[in-house]
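Take a look at the structure below.
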């Protein structure tokens, strides 16, 4: 039959399992654990979250990082269908600000 990897119901099919739309973004906890290093002083809030932003991270930026370290914040959310099913592979972005990058929802819709 037809396979549409953009449809979350098809993500269990072998031809879609490795598709980025079915994998979603990396788990932020994994990114944090991989980037933790021994630091003597207490890092700033931005220093503690900046590994989540970048080319190979959970929040992809197309160019130079446009964020101001002194004004950083972290937003969390979940994308669900009307029946409460998590949606994987949803592109979450800043409307009218493409230079701020994007992220893709994970298996649990976050």
Practice task
Quick one: compute the contact order of segment 57-110, relative version, from alpha carbon pairs under 8 angstrom and 6+ residues apart, as a percent.
Solution key: 43 percent
Exercise for the section: Find how much the distance from residue 17 to residue 85 grows on full extension, using 0.36 nm per residue of separation minus their present alpha carbon separation; answer in nm with one decimal. Expected result: 22.7 nm
Practice task
Compute the relative contact order of the chain as a whole-number percentage, counting only Cα pairs closer than 8 Å that sit 6 or more residues apart in sequence.
Solution key: 28 percent
Exercise for the section: Sum -39500 (n - 2.57) across every DSSP H segment of at least 4 residues in the chain, then divide by the residue count to get the 222 nm mean residue ellipticity, nearest 500. Expected result: -3500 deg cm²/dmol
Exercise for the section: Once you've got the GNM for the chain with C-alpha springs shorter than 10 Å, pick whichever of 32, 64, 49 has the biggest mean-square fluctuation. Expected result: 64
Fill in the blank from the handout: Residues 90, 3 in order from fewest to most other beta-carbon atoms within 10 Å are 3, 90
Fill in the blank from the handout: Quick note, the chain: a/c under 1.5 would make it rounded; otherwise a/b > b/c is prolate and the rest oblate (a ≥ b ≥ c, C-alpha gyration tensor); here it is prolate
Completion exercise
Among 79, 88, 17, the residue with the largest mean-square fluctuation in a Gaussian network model of the chain built from Cα contacts under 10 Å is 17
Completion exercise
Put in order of increasing Cβ neighbours within 10 Å, starting from the fewest, 82, 58, 12 give 82, 12, 58
Exercise for the section: Return the distance in nm (one decimal) between the two label points of a simple spin-label model at residue 76 and residue 97, each offset 7 Å from Cα along Cα→Cβ. Expected result: 2.1 nm
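Readers should treat all values here as calculations from the given coordinates under stated rules, not as data from a laboratory. Because the structure is predicted, anything quoted here is derived from the model rather than measured. As a convention, Cβ positions derive from the backbone with ideal geometry for all residues, glycine included, and neighbour counts pool all protein chains shown.
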